[in-house]
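**Student:** A single structure is presented below for examination.
The values are calculated or read from the model by the stated rules, or taken from the named source; none is laboratory data. Source: prediction; values computed, not measured. Note that we place each Cβ from the backbone using ideal geometry, even for glycine, and neighbour counts take in every protein chain shown.
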Ligand code: PLP
(Lines give C-alpha, C1' and ligand atoms only; values in the text may rest on other atoms or scores of the structure.)
Protein backbone atom coordinates (compact mmCIF):
# COMPACT_ATOMS: atom_id res chain seq x y z
CA UNK A 1 0.00 0.00 0.00
CA UNK A 2 1.14 3.47 -0.85
CA UNK A 3 2.53 5.54 2.02
CA UNK A 4 0.26 8.55 1.67
CA UNK A 5 2.07 10.62 4.24
CA UNK A 6 5.01 11.06 1.86
CA UNK A 7 2.99 11.53 -1.32
CA UNK A 8 0.16 13.71 -0.09
CA UNK A 9 1.40 15.14 3.21
CA UNK A 10 -1.02 18.07 3.39
CA UNK A 11 -4.05 15.78 2.94
CA UNK A 12 -2.67 13.31 5.49
CA UNK A 13 -2.13 16.11 8.04
CA UNK A 14 -5.59 17.55 7.40
CA UNK A 15 -7.11 14.11 7.96
CA UNK A 16 -5.33 13.72 11.31
CA UNK A 17 -6.58 17.15 12.41
CA UNK A 18 -10.14 16.36 11.31
CA UNK A 19 -10.16 13.01 13.11
CA UNK A 20 -9.71 14.79 16.44
CA UNK A 21 -12.98 16.70 16.05
CA UNK A 22 -15.15 14.82 13.50
CA UNK A 23 -15.92 11.08 13.93
CA UNK A 24 -13.55 9.28 11.56
CA UNK A 25 -12.50 12.67 10.18
CA UNK A 26 -15.36 12.81 7.67
CA UNK A 27 -19.00 13.86 7.50
CA UNK A 28 -20.09 10.85 5.43
CA UNK A 29 -18.43 7.45 5.89
CA UNK A 30 -17.60 6.58 2.25
CA UNK A 31 -15.25 9.56 2.12
CA UNK A 32 -12.85 7.99 4.64
CA UNK A 33 -11.47 5.51 2.05
CA UNK A 34 -12.36 2.54 4.29
CA UNK A 35 -12.94 0.44 1.17
CA UNK A 36 -9.44 0.96 -0.22
CA UNK A 37 -7.24 1.69 2.79
CA UNK A 38 -5.05 4.76 3.21
CA UNK A 39 -6.34 8.22 3.98
CA UNK A 40 -8.55 10.44 1.84
CA UNK A 41 -7.63 13.40 -0.30
CA UNK A 42 -8.61 16.74 1.16
CA UNK A 43 -9.93 18.88 -1.64
CA UNK A 44 -9.00 22.53 -2.02
CA UNK A 45 -11.01 23.29 -5.14
CA UNK A 46 -12.73 21.81 -8.18
CA UNK A 47 -13.10 23.01 -11.76
CA UNK A 48 -14.64 21.33 -14.83
CA UNK A 49 -13.70 17.61 -14.72
CA UNK A 50 -10.92 18.18 -12.17
CA UNK A 51 -10.42 18.05 -8.41
CA UNK A 52 -7.37 19.63 -6.77
CA UNK A 53 -6.07 18.40 -3.42
CA UNK A 54 -4.32 20.33 -0.65
CA UNK A 55 -0.95 19.16 -1.98
CA UNK A 56 -1.62 20.78 -5.35
CA UNK A 57 -2.26 17.53 -7.22
CA UNK A 58 -4.89 17.50 -9.98
CA UNK A 59 -7.22 14.55 -10.60
CA UNK A 60 -9.74 13.67 -13.27
CA UNK A 61 -12.88 13.29 -11.14
CA UNK A 62 -15.06 10.22 -11.77
CA UNK A 63 -17.01 10.70 -8.53
CA UNK A 64 -18.52 14.12 -9.23
CA UNK A 65 -19.61 14.52 -5.59
CA UNK A 66 -21.16 11.03 -5.88
CA UNK A 67 -23.34 12.03 -8.78
CA UNK A 68 -24.54 15.63 -8.75
CA UNK A 69 -21.84 17.22 -10.89
CA UNK A 70 -22.99 15.93 -14.28
CA UNK A 71 -21.97 19.23 -15.92
CA UNK A 72 -18.57 19.20 -14.23
CA UNK A 73 -17.55 21.53 -11.42
CA UNK A 74 -18.20 25.28 -11.49
CA UNK A 75 -20.26 25.26 -14.68
CA UNK A 76 -20.45 29.01 -15.44
CA UNK A 77 -24.24 29.08 -15.87
CA UNK A 78 -24.76 27.33 -12.52
CA UNK A 79 -22.25 29.60 -10.77
CA UNK A 80 -23.86 32.75 -12.20
CA UNK A 81 -27.41 31.65 -11.31
CA UNK A 82 -26.35 30.75 -7.79
CA UNK A 83 -24.56 34.04 -7.15
CA UNK A 84 -27.54 35.98 -8.50
CA UNK A 85 -29.90 34.09 -6.17
CA UNK A 86 -27.58 34.52 -3.20
CA UNK A 87 -27.71 38.29 -3.59
CA UNK A 88 -31.48 38.15 -3.07
CA UNK A 89 -31.14 36.44 0.30
CA UNK A 90 -30.19 32.90 1.22
CA UNK A 91 -33.41 31.62 2.85
CA UNK A 92 -36.91 32.99 3.35
CA UNK A 93 -38.94 30.29 5.09
CA UNK A 94 -41.73 31.40 2.77
CA UNK A 95 -42.64 30.33 -0.74
CA UNK A 96 -40.81 31.77 -3.75
CA UNK A 97 -41.31 31.29 -7.49
CA UNK A 98 -38.00 29.46 -7.95
CA UNK A 99 -39.59 26.43 -6.24
CA UNK A 100 -42.47 26.37 -8.74
CA UNK A 101 -40.04 26.85 -11.63
CA UNK A 102 -37.92 23.85 -10.60
CA UNK A 103 -41.06 21.78 -9.94
CA UNK A 104 -42.31 22.60 -13.46
CA UNK A 105 -38.97 21.54 -14.94
CA UNK A 106 -39.01 18.21 -13.06
CA UNK A 107 -42.62 17.49 -14.03
CA UNK A 108 -41.97 18.32 -17.68
CA UNK A 109 -38.93 16.03 -17.72
CA UNK A 110 -40.48 13.01 -15.97
CA UNK A 111 -44.02 12.20 -17.19
CA UNK A 112 -44.87 9.90 -14.24
CA UNK A 113 -44.33 12.85 -11.90
CA UNK A 114 -47.43 15.05 -11.79
CA UNK A 115 -46.61 16.86 -8.54
CA UNK A 116 -43.38 17.19 -6.59
CA UNK A 117 -42.28 18.24 -3.10
CA UNK A 118 -38.74 19.49 -2.44
CA UNK A 119 -36.68 18.44 0.58
CA UNK A 120 -32.99 18.87 1.41
CA UNK A 121 -31.41 15.46 0.74
CA UNK A 122 -31.95 12.13 -0.96
CA UNK A 123 -32.46 10.54 2.45
CA UNK A 124 -35.33 12.89 3.21
CA UNK A 125 -36.82 12.13 -0.20
CA UNK A 126 -36.93 8.35 0.33
CA UNK A 127 -37.99 8.70 3.97
CA UNK A 128 -40.90 10.95 2.95
CA UNK A 129 -41.89 8.80 -0.03
CA UNK A 130 -42.15 5.78 2.22
CA UNK A 131 -44.24 7.64 4.77
CA UNK A 132 -46.49 8.78 1.94
CA UNK A 133 -46.80 5.25 0.53
CA UNK A 134 -47.82 4.01 3.98
CA UNK A 135 -50.18 6.94 4.57
CA UNK A 136 -51.78 6.63 1.15
CA UNK A 137 -52.35 2.86 1.27
CA UNK A 138 -53.02 2.45 4.98
CA UNK A 139 -50.49 -0.43 4.99
CA UNK A 140 -47.13 -0.73 6.74
CA UNK A 141 -44.90 -3.15 4.83
CA UNK A 142 -42.14 -1.80 2.56
CA UNK A 143 -40.14 -4.02 0.21
CA UNK A 144 -36.54 -3.18 -0.68
CA UNK A 145 -33.68 -5.02 -2.38
CA UNK A 146 -30.34 -6.10 -0.96
CA UNK A 147 -27.58 -3.80 -2.20
CA UNK A 148 -29.88 -0.85 -2.97
CA UNK A 149 -29.08 2.15 -0.79
CA UNK A 150 -31.79 4.68 -0.08
CA UNK A 151 -29.99 6.95 2.38
CA UNK A 152 -29.74 6.51 6.13
CA UNK A 153 -33.47 6.11 6.77
CA UNK A 154 -33.98 3.83 9.82
CA UNK A 155 -36.52 1.54 8.19
CA UNK A 156 -34.35 1.09 5.08
CA UNK A 157 -31.07 0.33 6.84
CA UNK A 158 -31.70 -3.35 6.57
CA UNK A 159 -29.56 -6.26 5.48
CA UNK A 160 -30.90 -9.20 3.54
CA UNK A 161 -32.49 -12.00 5.49
CA UNK A 162 -31.53 -15.59 4.76
CA UNK A 163 -34.78 -16.36 2.98
CA UNK A 164 -36.91 -14.15 0.82
CA UNK A 165 -39.63 -13.79 3.40
CA UNK A 166 -37.46 -13.21 6.46
CA UNK A 167 -38.07 -9.96 8.27
CA UNK A 168 -35.43 -7.27 7.89
CA UNK A 169 -32.61 -7.04 10.43
CA UNK A 170 -31.15 -3.57 11.12
CA UNK A 171 -27.58 -3.20 9.85
CA UNK A 172 -26.61 -0.34 12.13
CA UNK A 173 -26.60 -0.12 15.93
CA UNK A 174 -29.12 2.49 16.95
CA UNK A 175 -31.84 1.25 14.62
CA UNK A 176 -34.42 -0.51 16.82
CA UNK A 177 -35.65 -3.85 15.49
CA UNK A 178 -39.14 -2.34 15.54
CA UNK A 179 -38.10 0.16 12.84
CA UNK A 180 -37.25 -2.56 10.34
CA UNK A 181 -39.93 -5.08 11.33
CA UNK A 182 -42.10 -3.88 8.48
CA UNK A 183 -39.33 -3.98 5.86
CA UNK A 184 -38.83 -7.02 3.64
CA UNK A 185 -35.55 -7.43 1.79
CA UNK A 186 -35.33 -9.38 -1.45
CA UNK A 187 -32.54 -10.17 -3.88
CA UNK A 188 -32.33 -7.67 -6.77
CA UNK A 189 -33.50 -9.14 -10.09
CA UNK A 190 -35.08 -12.13 -8.26
CA UNK A 191 -38.51 -12.44 -9.87
CA UNK A 192 -39.46 -15.68 -8.10
CA UNK A 193 -38.84 -14.21 -4.62
CA UNK A 194 -40.85 -11.13 -5.52
CA UNK A 195 -43.80 -13.24 -6.70
CA UNK A 196 -43.57 -15.40 -3.56
CA UNK A 197 -43.62 -12.39 -1.25
CA UNK A 198 -46.61 -10.80 -3.01
CA UNK A 199 -48.48 -14.11 -2.96
CA UNK A 200 -47.96 -14.37 0.80
CA UNK A 201 -48.29 -10.75 1.93
CA UNK A 202 -49.46 -8.69 -1.06
CA UNK A 203 -52.37 -7.11 0.87
CA UNK A 204 -49.96 -5.74 3.52
CA UNK A 205 -47.44 -4.12 1.15
CA UNK A 206 -47.56 -0.32 1.01
CA UNK A 207 -44.73 0.07 -1.48
CA UNK A 208 -41.73 -1.41 -3.20
CA UNK A 209 -38.67 0.85 -3.40
CA UNK A 210 -35.70 0.23 -5.65
CA UNK A 211 -32.92 1.87 -7.57
CA UNK A 212 -34.17 1.26 -11.14
CA UNK A 213 -30.51 0.99 -12.15
CA UNK A 214 -28.40 0.30 -9.07
CA UNK A 215 -25.34 2.41 -8.34
CA UNK A 216 -24.86 1.39 -4.73
CA UNK A 217 -23.55 -2.16 -5.09
CA UNK A 218 -21.46 -1.00 -8.02
CA UNK A 219 -23.44 -0.61 -11.22
CA UNK A 220 -26.10 -3.31 -11.64
CA UNK A 221 -28.86 -3.04 -14.26
CA UNK A 222 -32.34 -4.50 -13.79
CA UNK A 223 -33.63 -7.26 -16.06
CA UNK A 224 -36.66 -6.47 -18.21
CA UNK A 225 -38.58 -9.32 -16.55
CA UNK A 226 -37.84 -7.97 -13.07
CA UNK A 227 -39.13 -4.50 -13.98
CA UNK A 228 -42.23 -5.89 -15.67
CA UNK A 229 -43.06 -8.09 -12.66
CA UNK A 230 -42.53 -5.19 -10.26
CA UNK A 231 -45.05 -3.10 -12.16
CA UNK A 232 -47.52 -5.93 -12.61
CA UNK A 233 -47.48 -7.19 -9.01
CA UNK A 234 -47.60 -3.76 -7.36
CA UNK A 235 -50.59 -2.80 -9.54
CA UNK A 236 -52.35 -6.10 -8.93
CA UNK A 237 -51.97 -5.84 -5.14
CA UNK A 238 -52.55 -2.08 -4.75
CA UNK A 239 -48.99 -1.33 -3.61
CA UNK A 240 -47.04 1.72 -4.80
CA UNK A 241 -43.96 1.30 -6.99
CA UNK A 242 -41.26 3.76 -5.87
CA UNK A 243 -38.24 4.41 -8.06
CA UNK A 244 -35.32 5.88 -6.14
CA UNK A 245 -33.77 8.01 -8.88
CA UNK A 246 -31.58 10.02 -6.49
CA UNK A 247 -28.57 8.83 -8.50
CA UNK A 248 -30.10 8.08 -11.90
CA UNK A 249 -32.50 11.06 -12.17
CA UNK A 250 -31.36 13.46 -14.92
CA UNK A 251 -28.23 11.25 -15.19
CA UNK A 252 -29.25 8.33 -17.41
CA UNK A 253 -31.26 10.68 -19.60
CA UNK A 254 -33.10 13.96 -18.99
CA UNK A 255 -36.07 11.85 -17.83
CA UNK A 256 -33.83 9.57 -15.75
CA UNK A 257 -33.76 5.77 -15.69
CA UNK A 258 -37.53 5.60 -16.20
CA UNK A 259 -37.26 7.43 -19.52
CA UNK A 260 -34.41 5.18 -20.64
CA UNK A 261 -36.28 2.03 -19.62
CA UNK A 262 -39.78 3.19 -20.59
CA UNK A 263 -41.18 2.71 -17.07
CA UNK A 264 -43.84 4.58 -15.08
CA UNK A 265 -43.54 4.19 -11.28
CA UNK A 266 -46.13 5.67 -8.92
CA UNK A 267 -43.60 7.71 -6.94
CA UNK A 268 -40.05 8.84 -7.73
CA UNK A 269 -37.31 10.12 -5.42
CA UNK A 270 -34.73 12.62 -6.63
CA UNK A 271 -31.59 14.23 -5.23
CA UNK A 272 -28.07 14.99 -6.36
CA UNK A 273 -28.38 16.51 -9.90
CA UNK A 274 -31.63 18.40 -9.22
CA UNK A 275 -29.74 20.54 -6.70
CA UNK A 276 -26.82 21.29 -9.05
CA UNK A 277 -24.36 20.58 -6.20
CA UNK A 278 -26.48 22.09 -3.41
CA UNK A 279 -28.49 20.16 -0.78
CA UNK A 280 -31.77 19.29 -2.54
CA UNK A 281 -33.92 16.19 -2.69
CA UNK A 282 -37.45 15.72 -3.97
CA UNK A 283 -40.22 13.18 -4.14
CA UNK A 284 -43.05 13.24 -6.61
CA UNK A 285 -45.43 11.15 -8.64
CA UNK A 286 -49.14 10.56 -9.18
CA UNK A 287 -51.16 13.64 -8.26
CA UNK A 288 -53.78 11.62 -6.37
CA UNK A 289 -51.03 10.26 -4.10
CA UNK A 290 -49.07 13.53 -3.78
CA UNK A 291 -52.26 15.37 -2.74
CA UNK A 292 -52.13 13.32 0.45
CA UNK A 293 -49.04 15.31 1.55
CA UNK A 294 -49.69 18.04 4.14
CA UNK A 295 -51.11 20.70 3.85
CA UNK A 296 -53.03 19.34 0.84
CA UNK A 297 -53.57 16.10 2.75
CA UNK A 298 -52.89 14.42 6.10
CA UNK A 299 -49.36 12.95 5.64
CA UNK A 300 -46.94 15.18 7.54
CA UNK A 301 -43.63 16.31 6.06
CA UNK A 302 -41.84 19.65 6.46
CA UNK A 303 -38.42 21.37 6.29
CA UNK A 304 -36.94 24.73 7.35
CA UNK A 305 -34.64 24.87 4.33
CA UNK A 306 -36.86 22.92 1.90
CA UNK A 307 -37.07 24.76 -1.43
CA UNK A 308 -34.10 26.93 -0.47
CA UNK A 309 -33.85 29.68 -3.11
CA UNK A 310 -30.09 29.36 -3.73
CA UNK A 311 -30.33 25.59 -4.15
CA UNK A 312 -33.42 25.98 -6.35
CA UNK A 313 -31.54 28.44 -8.58
CA UNK A 314 -28.63 25.99 -8.93
CA UNK A 315 -31.07 23.21 -9.77
CA UNK A 316 -32.93 25.31 -12.34
CA UNK A 317 -29.66 26.33 -14.03
CA UNK A 318 -28.46 22.70 -14.10
CA UNK A 319 -31.69 21.28 -15.49
CA UNK A 320 -32.03 24.09 -18.02
CA UNK A 321 -28.51 23.40 -19.30
CA UNK A 322 -29.21 19.64 -19.47
CA UNK A 323 -32.41 20.35 -21.40
CA UNK A 324 -31.00 22.88 -23.87
CA UNK A 325 -27.58 21.29 -24.43
CA UNK A 326 -28.15 17.62 -23.61
CA UNK A 327 -24.82 15.90 -22.88
CA UNK A 328 -26.33 12.40 -22.85
CA UNK A 329 -25.27 11.15 -26.31
CA UNK A 330 -21.68 12.24 -25.71
CA UNK A 331 -21.66 10.79 -22.17
CA UNK A 332 -22.95 7.50 -23.59
CA UNK A 333 -20.26 7.40 -26.30
CA UNK A 334 -17.45 8.35 -23.93
CA UNK A 335 -18.55 5.86 -21.26
CA UNK A 336 -18.90 3.11 -23.87
CA UNK A 337 -15.37 3.90 -25.05
CA UNK A 338 -14.13 3.66 -21.43
CA UNK A 339 -15.75 0.22 -21.24
CA UNK A 340 -14.08 -1.03 -24.41
CA UNK A 341 -10.73 0.42 -23.33
CA UNK A 342 -10.86 -1.02 -19.80
CA UNK A 343 -11.92 -4.47 -20.97
CA UNK A 344 -9.10 -4.55 -23.56
CA UNK A 345 -6.58 -3.41 -20.96
CA UNK A 346 -7.76 -6.04 -18.45
CA UNK A 347 -7.59 -8.77 -21.08
CA UNK A 348 -4.09 -7.69 -22.02
CA UNK A 349 -3.04 -7.72 -18.34
CA UNK A 350 -4.86 -11.05 -17.78
CA UNK A 351 -6.90 -9.61 -14.91
CA UNK A 352 -10.43 -11.07 -14.71
CA UNK A 353 -13.04 -8.30 -14.65
CA UNK A 354 -16.66 -7.47 -15.44
CA UNK A 355 -17.56 -4.04 -16.80
CA UNK A 356 -21.16 -3.05 -15.98
CA UNK A 357 -22.48 0.17 -17.43
CA UNK A 358 -25.69 2.07 -18.14
CA UNK A 359 -25.15 5.49 -19.76
CA UNK A 360 -22.58 7.48 -17.81
CA UNK A 361 -22.65 5.20 -14.72
CA UNK A 362 -20.20 2.29 -14.67
CA UNK A 363 -18.21 -0.12 -12.51
CA UNK A 364 -15.21 -2.33 -13.21
CA UNK A 365 -15.72 -5.39 -10.97
CA UNK A 366 -12.67 -7.54 -10.23
CA UNK A 367 -14.38 -10.90 -10.71
CA UNK A 368 -14.98 -13.38 -13.50
CA UNK A 369 -18.63 -13.83 -12.37
CA UNK A 370 -21.26 -11.71 -14.15
CA UNK A 371 -22.61 -9.21 -11.58
CA UNK A 372 -26.42 -9.12 -11.35
CA UNK A 373 -27.06 -8.64 -7.61
CA UNK A 374 -25.32 -8.11 -4.27
CA UNK A 375 -24.11 -11.70 -3.92
CA UNK A 376 -22.41 -11.70 -7.31
CA UNK A 377 -21.01 -8.19 -6.69
CA UNK A 378 -19.43 -9.59 -3.53
CA UNK A 379 -17.46 -12.16 -5.55
CA UNK A 380 -15.18 -9.22 -6.48
CA UNK A 381 -11.60 -9.19 -5.27
CA UNK A 382 -11.79 -6.00 -3.21
CA UNK A 383 -8.08 -6.04 -2.36
CA UNK A 384 -7.26 -6.03 -6.05
CA UNK A 385 -9.77 -3.22 -6.57
CA UNK A 386 -8.03 -1.25 -3.79
CA UNK A 387 -4.64 -1.62 -5.50
CA UNK A 388 -6.18 -0.59 -8.83
CA UNK A 389 -7.76 2.44 -7.15
CA UNK A 390 -4.40 3.66 -5.81
CA UNK A 391 -2.58 2.95 -9.08
CA UNK A 392 -5.18 5.09 -10.86
CA UNK A 393 -4.91 7.79 -8.21
CA UNK A 394 -1.15 7.94 -8.77
CA UNK A 395 -1.90 8.52 -12.44
CA UNK A 396 -4.29 11.39 -11.67
CA UNK A 397 -7.60 9.52 -11.99
CA UNK A 398 -9.95 9.75 -9.00
CA UNK A 399 -12.33 6.76 -8.98
CA UNK A 400 -14.98 5.90 -6.36
CA UNK A 401 -13.11 4.61 -3.31
CA UNK A 402 -15.12 1.37 -3.07
CA UNK A 403 -15.72 -1.56 -5.38
CA UNK A 404 -19.41 -1.17 -4.54
CA UNK A 405 -19.94 2.34 -5.90
CA UNK A 406 -20.56 3.47 -9.49
CA UNK A 407 -18.24 5.84 -11.32
CA UNK A 408 -19.73 8.81 -13.17
CA UNK A 409 -18.50 10.29 -16.43
CA UNK A 410 -19.22 14.04 -16.55
CA UNK A 411 -20.06 16.46 -19.33
CA UNK A 412 -16.85 18.46 -18.86
CA UNK A 413 -14.67 15.51 -19.89
CA UNK A 414 -13.16 15.50 -23.37
CA UNK A 415 -12.31 12.52 -25.57
CA UNK A 416 -8.69 13.18 -24.63
CA UNK A 417 -9.53 12.77 -20.93
CA UNK A 418 -11.22 9.48 -21.80
CA UNK A 419 -8.13 8.23 -23.63
CA UNK A 420 -5.92 9.36 -20.70
CA UNK A 421 -8.14 7.36 -18.36
CA UNK A 422 -7.88 4.25 -20.53
CA UNK A 423 -4.09 4.62 -20.77
CA UNK A 424 -3.86 5.03 -16.97
CA UNK A 425 -6.02 1.92 -16.52
CA UNK A 426 -3.79 -0.04 -18.88
CA UNK A 427 -0.70 0.79 -16.80
CA UNK A 428 -2.55 0.24 -13.51
CA UNK A 429 -3.87 -3.17 -14.53
CA UNK A 430 -0.39 -4.19 -15.72
CA UNK A 431 0.93 -3.17 -12.30
CA UNK A 432 -1.60 -5.53 -10.64
CA UNK A 433 -0.91 -8.52 -12.85
N1 LIG B 1 -30.85 7.09 -2.74
C2 LIG B 1 -29.80 6.76 -3.54
C3 LIG B 1 -30.03 5.87 -4.72
C4 LIG B 1 -28.53 7.26 -3.26
O5 LIG B 1 -27.51 6.92 -4.04
C6 LIG B 1 -28.37 8.10 -2.14
C7 LIG B 1 -27.03 8.62 -1.81
O8 LIG B 1 -26.04 8.27 -2.35
C9 LIG B 1 -29.47 8.42 -1.36
C10 LIG B 1 -30.70 7.90 -1.69
C11 LIG B 1 -29.33 9.32 -0.17
O12 LIG B 1 -29.10 10.62 -0.61
P13 LIG B 1 -28.42 11.70 0.37
O14 LIG B 1 -27.00 11.22 0.54
O15 LIG B 1 -28.54 12.99 -0.38
O16 LIG B 1 -29.18 11.69 1.63
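**Student:** From the list 198, 226, 250, pick out the single residue that is assigned by TED's automatic domain parsing to the domain that holds residue 99, assigned to a helix (DSSP H, G or I), more than 11 Å from the ligand (Cβ to nearest atom) and under 21 Å from the mean Cα position of the chain (by Cα). Give the derivation first.
**Tutor:** Details: 198 fails: under 21 Å from the mean Cα position of the chain (by Cα); 250 fails: assigned to a helix (DSSP H, G or I).
Criteria check complete, one pass: 226.
**Student:** Could you check segment 42-64 and list, in sequence order, the residues that are assigned to a loop (DSSP other than H, G, I, E, B) and under 22 Å from residue 362 (Cα atoms)? I'd like the intermediate steps shown before the answer.
**Tutor:** Going residue by residue through segment 42-64, those that are assigned to a loop (DSSP other than H, G, I, E, B) are 42, 49, 54-57, 62-64.
Scanning segment 42-64 gives 49, 62, 63, 64.
**Student:** Can I ask one more? Look through 287, 313 and report the one residue that is buried (at least 22 other Cβ atoms within 10 Å of the Cβ) and over 12 Å from residue 70 (Cβ atoms).
**Tutor:** Working: 287 fails: buried (at least 22 other Cβ atoms within 10 Å of the Cβ).
The unique qualifying residue is 313.
**Student:** Give me a count of the residues in segment 299-326 that are outside any helix (DSSP H, G or I), out of contact with any helix residue (DSSP H, G or I) (no Cβ under 6 Å at 6 or more places or on another chain) and under 23 Å from residue 112 (Cβ atoms). Working first, answer last.
**Tutor:** We begin by selecting, within segment 299-326, every residue outside any helix (DSSP H, G or I); these are 299-308, 325-326.
Imposing the further condition that a residue be out of contact with any helix residue (DSSP H, G or I) (no Cβ under 6 Å at 6 or more places or on another chain) reduces the set to 300, 302-306, 308, 325-326.
Next, from what is left, pick out any that are under 23 Å from residue 112 (Cβ atoms): 306, 326.
Of the residues in segment 299-326, 2 are outside any helix (DSSP H, G or I), out of contact with any helix residue (DSSP H, G or I) (no Cβ under 6 Å at 6 or more places or on another chain) and under 23 Å from residue 112 (Cβ atoms).
**Student:** Taking segment 170-193 as the search range and keeping residues that are more than 16 Å from the ligand (Cβ to nearest atom) and touching a residue at least 40 places away in the same chain (Cβ under 8 Å), which one is surrounded by the most Cβ atoms within 10 Å (Cβ to Cβ)?
**Tutor:** Looking at the filtered set, the residue picked out is 184.
**Student:** Taking segment 253-274 as the region of interest, how many residues are touching a helix residue (DSSP H, G or I) at 6+ places or on another chain (Cβ under 7 Å), surrounded by fewer than 24 Cβ atoms within 10 Å (Cβ to Cβ) and assigned to a helix (DSSP H, G or I)?
**Tutor:** 1
**Student:** Please find, within segment 253-268, the residue that is nearest to the ligand (Cβ to nearest atom) out of those that are touching a residue at least 40 places away in the same chain (Cβ under 8 Å) and farther than 20 Å from residue 330 by Cβ.
**Tutor:** Among them, the one singled out is 268.
**Student:** Between 91, 128, which is over 20 Å from residue 253 (Cα atoms), within 16 Å of the ligand (Cβ to nearest atom) and either under 21 Å from the mean Cα position of the chain (by Cα) or surrounded by fewer than 22 Cβ atoms within 10 Å (Cβ to Cβ) (or both)? Steps first, answer last, please.
**Tutor:** Numbers: 91 fails: within 16 Å of the ligand (Cβ to nearest atom).
After applying the criteria, what remains is 128.
**Student:** In segment 107-125, which residues are assigned to a helix (DSSP H, G or I) and more than 16 Å from the ligand (Cβ to nearest atom)? Full working, then the answer.
**Tutor:** Of the residues in segment 107-125, the ones assigned to a helix (DSSP H, G or I) are 107-109, 122-125.
Across segment 107-125, the qualifying residues are 107, 108, 109.
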